[in-house]
Each structure stands twice: as C-alpha cells, then as structure tokens.
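Inspection log for the structure reproduced underneath, given as structure tokens.
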Amino acid sequence: MIRIVHSDEGWRVGSVFTPDFWTPPVAWEVLVAEVKRFDRVVREGIDGMGIDPAFIPKP
C-alpha cells in the first residue's frame, strides 16, 4: 500500500501504514527508475518461488 505524491520539491513516496513517514523528494526520472527496479525485484522473487509472474500486469 504505497502512496506516491508530488510536492513542490519533487515526488515523495510513503505508506498507508506509516502516514507520517515520507522519502525525501526525488525527480520524476529517479521515481520511475525506482518503480521499475521494484517491479523487477518483485517479479524475480515471485519467479524464485516457482510462480509464473505473468499474472502481474506489466506497467
């Protein structure tokens, strides 16, 4: 349950489970790169458990 919001300083990422905690602001390009990295790591982890990650929609 990830929250991503735009602020005057850049994009910030937080969680609905810790509403008072946010990352420092980052540029759009940094956010996109990290989301892609997260997606890749999740897919690799699921594949490592023997589950076909194809059921996860592509971004």
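The values are calculated or read from the model by the stated rules, or taken from the named source; none is laboratory data. Just so we're clear, the structure is a prediction, and the values are computed from it rather than from any experiment. Cβ: placed from backbone, ideal geometry, glycine included. Neighbour counts: every protein chain shown. Just the protein is used for accessible areas: all its heavy atoms, side chains included, with ligands, DNA and RNA removed. Shrake-Rupley method; radii C 1.70, N 1.55, O 1.52, S 1.80 Å.
At a glance:
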{"read-out": "Failed condition for Leu31, given (1) in contact with a strand residue (DSSP E or B) (Cβ under 7 Å, 6 or more places away or on another chain); (2) of a type outside the set (Asp, Glu); (3) open to solvent by 50 Å² or more (accessible area, probe 1.4 Å)", "value": "(3)"}
{"read-out": "Subset of the stretch 11-21 (residues that are surrounded by 14 or more Cβ atoms within 10 Å (Cβ to Cβ) and within 13 Å of Met1 (Cα to Cα))", "value": "Val13, Gly14"}
{"read-out": "Among residues of the stretch 34-59, those that are touching a helix residue (DSSP H, G or I) at 6+ places or on another chain (Cβ under 9 Å) and either surrounded by 14 or more Cβ atoms within 10 Å (Cβ to Cβ) or touching a residue at least 24 places away in the same chain (Cβ under 8 Å) (or both), counted", "value": "4"}
